[in-house]
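Visitor: One structure coming up, written as structure tokens, with questions to follow.
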Amino acid sequence: AVIGVCVVELFVVHLVVRAFSPRTAWILSAFSALGVIWLVGFVRAMVLRPVLVTASGIVVRSGVQWTLDVPFSAIQRLDAGRVTAPVRHAPACLRVGGAAPPSVRIDLGEPLVAAGAYGRTKRVKTSTLTLDDAPAFAKAVHARRGAEA
């Protein structure tokens with residue numbers, strides 16, 4: 001929906017600004033087109049880099065924004081379903097999944113370091129995830145944790 005609005009905005013702004021300055025209209029249109037391409041890439045990255053349950057732990061990924069490797073031994077508590085999320089922008093919380101309420105909360109025994117885009121890092125004690133099938137995710141994690149023990 002946001003991408004569609006951006007495309008409409010691109011044409012409307014181009015037509016309005018073109019009445020005053022054609023060159024400025026084309027420059028603004030180019031920037032708007034780049035913005036649309038960036039949004040498409042952002043959405044594709046979210047689809048192509050999902051959260052994974054591996055043999056040794058969970059790989060929490062938010063597109064290309066954040067990656068956090070959580071070994072099963074570091075998980076203190078995992079809740080799925082209706083979870084309480086920490087305050088937005090809490091310093092030790094990594095929120096993955098967008099605008100929808102989180103469906104999974106992972107509390108860690110000790111902080112881990114998440115790797116972000118452009119070399120950023122963040123110390124994470126809690127991660128909240130918005131997943132399509134939270135119960136199946138929790139079941140897979142508990143099965144792998146049991147197999148590891």
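The values are calculated or read from the model by the stated rules, or taken from the named source; none is laboratory data. Bear in mind that the values here come from a model prediction, so they are computed numbers and not experimental data. Backbone-built Cβ (ideal geometry, glycine too); neighbour counts: all protein chains shown. These area figures cover heavy atoms from the full protein model, side chains too; ligands, DNA and RNA do not enter into them. Shrake-Rupley method; radii C 1.70, N 1.55, O 1.52, S 1.80 Å.
Visitor: Given a 1.4 angstrom probe, I'd like the percentage of the accessible area of region 57-149 that is carbon and sulfur, rounded to a whole number.
Guide: 54
Visitor: Mean-square fluctuation check for the chain, GNM, Cα pairs under 10 Å: which of Ala114, Ala134, Ala90 is largest?
Guide: Result: Ala90 has the largest fluctuation of those listed.
Visitor: Here is a further query. Ignoring the sites themselves, what is the longest stretch of the chain with no trypsin sites (Lys or Arg not before Pro) in a DSSP loop and at most 10 other beta-carbon atoms within 10 Å?
Guide: For trypsin sites (Lys or Arg not before Pro) (loop position, at most 10 other Cβ atoms within 10 Å), the longest site-free span of the chain is 1-81.
Visitor: Using a/c under 1.5 as the rounded threshold, could you call region 91-149 rounded, prolate or oblate? The axes a ≥ b ≥ c are square roots of the C-alpha gyration tensor eigenvalues, and prolate needs a/b larger than b/c, oblate otherwise.
Guide: Cα axes put region 91-149 in the oblate bin.
Visitor: At 10 °C and 1.306 mPa s, what whole-number value in µm²/s does Stokes-Einstein give for the translational diffusion of region 70-122, with Rh from the Kirkwood sum over Cα pairs?
Guide: 128
Visitor: Per residue, how many Å² of accessible area does region 33-74 show with a 1.4 Å probe?
Guide: 53
Visitor: Now, a different point. How much accessible area does Val53 have with a 1.4 Å probe, in Å² rounded to the nearest 10?
Guide: For Val53, solvent-accessible area is about 40 Å².
Visitor: Work out the P(r) tail for the chain: percent of alpha carbon pairs separated by more than 22 Å, whole number.
Guide: The share of Cα pairs beyond 22 Å in the chain comes to 50 percent.
Visitor: Looking at region 82-149, send over the antiparallel percent of its DSSP beta bridges, to the nearest 5.
Guide: Once the DSSP bridges in region 82-149 are tallied, antiparallel ones form about 65 percent.
Visitor: Summing -39500 (n - 2.57) over the DSSP H runs of n ≥ 4 in the chain and dividing by its residue number, what mean residue ellipticity at 222 nm do you reach, to the nearest 500 deg cm²/dmol?
Guide: -13500 deg cm²/dmol
Visitor: Show me the helices of the chain, taken as full DSSP H stretches, that run 30 Å or more along their long axis by Cα and average 0.0 or above in Kyte-Doolittle hydropathy.
Guide: Passing helices, by number: 22-48.
Visitor: For the pair Leu34 and Glu110, what calculated FRET efficiency results from E = 1/(1 + (r/R0)^6), where r is the Cβ-Cβ distance and R0 = 41 Å, to the nearest 0.05?
Guide: 0.50
Visitor: Work out, in µm²/s and without decimals, the Stokes-Einstein translational diffusion coefficient of region 24-81 at 10 °C, 1.306 mPa s, Rh from Kirkwood over C-alpha pairs.
Guide: It diffuses with D of about 114 µm²/s by this estimate.
Visitor: Non-local amide H neighbours of Arg95 (under 5 Å, H modeled in plane, Pro and chain starts lacking H): which ones?
Guide: Thr128
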